[in-house]
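Every read-out reported here was derived from the displayed coordinates using simple, explicitly stated rules and does not represent laboratory data. Not measured: the values here are computed from a predicted model. Note: ideal-geometry Cβ built from the backbone for every residue, glycine included; neighbour counts use all protein chains shown.
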Amino acid sequence: MPSFELIPVLLSVAIIFYAGTFFALLIGLSRVISKHSPTFPFVSVIVAARNEERHLAGLLDCLLSQKYSNYEVIIVDDRSSDKTAEIVRSGQSLNKNLKFISLSSTDTGMPPKKNALTKGIQASGGEILLFTDADCRPSPTWISEMAFGFEEHVGMVAGYSPYDHALFGIERPSALQKYFHAFIRYEELKGALWSAGSIGIRRGWLCTGRNLAYRRKVWDEVSGFERIKHSISGDDDLFLQLVRRTTSWDIRFVAFPASHVPTRPPESLAEFVQQRTRHFSAGRFFTPSLKLFFVLFHGSNFLLYFAFAASFINPVFALGLPLFLSKSVIDLLFLFFGSRQFGIPPPLFSFPLMETALLVYNMIMGPLGVLGSFTWKPEPK
């Protein structure tokens, strides 16, 4: 049939688009921050917390033992009903750098987390605003590594926050739990590599609020979260895109291992789906061109997988096998080089299985993020 004649053309376009995307991202990865700024600005570390009594004490231990003298820590309690406030106030008695803000309502017109972060920023005195979450465990040099990324022209610095089940996980995980944890670590790594690569080519669209910093001047210049308050999520991704589009500040990605912020993995599949649905929901508010890019990229990836499987059944898809092998080589190079830039061993052994799972994951979670329902955390009763 004449339509079959288009299949080699479509496959060729798919591999060219796929390869071009990763070539650009590899260029971006080569530009991650590799030197330190000599300045030591005052840093405000801001954490929005709700019912975090399980995790907050561990975070405070990490934050209050930083090897950086010029900083403060601000914990914003968003209407907790547990011992969150008690834990923070206990820490205040031991460290004058710790500030506590207790919220009883949302009065800024913002979604809950953006409201809490806004209150923390308004109370801060730092030139640099640095963010993480209660279930994270930054290293003693985290603030230093992130602050040193702020050269004079840099307004925003993003970092890597890997899942680490060894810190918060089950003592004897089952085989299924081990695979689940391996997958979410792999997915988070790939997301961070995309973040670093896209930021490196000045097209940043992705970052994580668990390890993110920007200047107070940047916050003021873009009017805070006002222009992105319509999204429950997006205090990281949408804010990054807003800064990139509307300011002249440079954005950088710090990949030094000492800047990584390990975090607790989701404890169940349901928690992971809820979390990722919330994260993917920011995509509803991406620009049309960015939405089109993701449709084309994931469509190309799916087409190459489909053609590979079909090549064993129908000779019309004969190109499927060599093009899929080419795609796999591209994926391996990206994973290997990116992991080296991050100072971690590349997960090459699990690569084939993880990439296939990632394809299915993106096909499910992308539409779910756009159509599904979610919350930051359950609203207080």
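Reported to two decimal places, what Rg/Rh ratio describes segment 249-325 when computed on Cα atoms with Rh from the Kirkwood expression?
On the way: Rg = 18.9 Å, Rh = 16.6 Å.
Answer for segment 249-325: 1.14.
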Query raised in the report: Relative to the first principal axis of the alpha-carbon coordinates of the chain, what is the inclination of helix 237-246, with its axis defined by its Cα atoms, in degrees from 0 to 90 and to the nearest 10?
Result: 90
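For a Förster distance of 56 Å, can you work out the FRET efficiency between the beta-carbons of Val329 and Asn95, rounded to the nearest 0.05?
Step by step, r from the Cβ atoms, then E = 0.65.
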Report task. Would you order Asp331, Asp235 from fewest to most other beta-carbon atoms within 10 Å of each residue's own beta-carbon? Result -> Asp331, Asp235
Query raised in the report: Dipole magnitude of the chain about its Cα centre, charges +1 at Lys/Arg Cβ and -1 at Asp/Glu Cβ only, in debye to the nearest 20?
Result: 260
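Which length gain, in nm to one decimal place, applies between Gln122 and Arg202 when the Cα-Cα distance is subtracted from 0.36 nm times their residue separation?
Details: separation 80, 0.36 × 80 = 28.80 nm, distance 2.88 nm.
Length gained between Gln122 and Arg202: 25.9 nm.
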Report task. Taking H placed 1.01 Å from N in the peptide plane, check which residues at least 5 places from Lys99 or on another chain put their amide H under 5 Å from its amide H. Result -> Val73, Ile74, Ile75
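Just need the Rg to Rh number for segment 91-189, please, alpha carbons only, Kirkwood Rh.
Rounded to two decimals, Rg over Rh is 1.04.
Please arrange Asp237, Asp250 by counting, for each residue, the other beta carbons lying within 10 Å of its beta carbon, fewest first.
Values: Asp237 24, Asp250 17.
Sorted ascending by nearby Cβ count, the order is Asp250, Asp237.
Go ahead and estimate [θ] at 222 nm for the chain from helices alone: -39,500 (n - 2.57) per DSSP H run with n ≥ 4, summed, over the residue count, rounded to 500. Don't skip to the end; give the middle numbers.
Values: 13 runs with 184 residues, N = 381.
That calculation yields -15500 deg cm²/dmol at 222 nm.
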Requested in this report: Compute the label zone of Val360 within segment 290-309: residues whose backbone N is under 19 Å from the point 7 Å along Cα-to-Cβ.
Outcome: 298-299, 301-309
Query raised in the report: Among Arg252, Arg50, Arg202, what is the fewest-to-most ranking by other Cβ atoms within 10 Å?
Result: Arg202, Arg50, Arg252
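Assuming R0 = 51 Å, can you tell me the calculated FRET efficiency for the pair Val295 and Asp107, based on Cβ-Cβ distance, to the nearest 0.05?
Numbers: r = 39 Å, r/R0 = 0.76.
Between Val295 and Asp107 the formula returns 0.85.
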Report task. Within segment 73-146, report the trypsin sites (Lys or Arg not before Pro) that DSSP leaves as loop and that have at most 12 other Cβ atoms within 10 Å. Result -> Lys96
Report summary line: As a Kirkwood estimate from alpha-carbon pairs, the chain has a hydrodynamic radius in angstrom of 21.9
Query raised in the report: Counting only the backbone N, which residues of segment 76-109 are under 11 Å from the spot 7 Å out from the Cα of Glu53 toward its beta-carbon?
Result: 81-87
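Using 1/(1 + (r/R0)^6) with R0 = 22 angstrom and r between the beta carbons of Ala24 and Phe351, what's the FRET efficiency to the nearest 0.05?
Values: r = 21 Å, r/R0 = 0.97.
The calculated FRET efficiency here is 0.55.
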Report task. Could you state the angle between the C-alpha long axis of helix 112-122 and the longest principal axis of the C-alpha atoms of the chain, as a value from 0 to 90 degrees rounded to the nearest 10? Result -> 50
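For segment 196-329, what is Rg from Cα atoms divided by 2.2 N^0.38 Å, rounded to two decimals? Display every interim value, and only then the final one.
Numbers: Rg = 19.0 Å, N = 134, 2.2 N^0.38 = 14.1 Å.
Here the Cα radius of gyration is 1.35 times the empirical estimate.
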Report task. Calculate the spin-label point distance for Tyr179 paired with Ile16, positioning each point 7 Å from the Cα along the beta-carbon direction, and give it in nanometres. Result -> 3.9
Report summary line: Rounded to the nearest 10, the angle in degrees between the Cα long axis of helix 175-200 and the longest principal axis of the Cα atoms of the chain comes to 90
**Report entry** Sparse-neighbour loop sites [chymotrypsin sites (Phe, Trp or Tyr not before Pro); segment 245-339; at most 14 other C-beta within 10 Å; DSSP]
**Finding:** Phe312
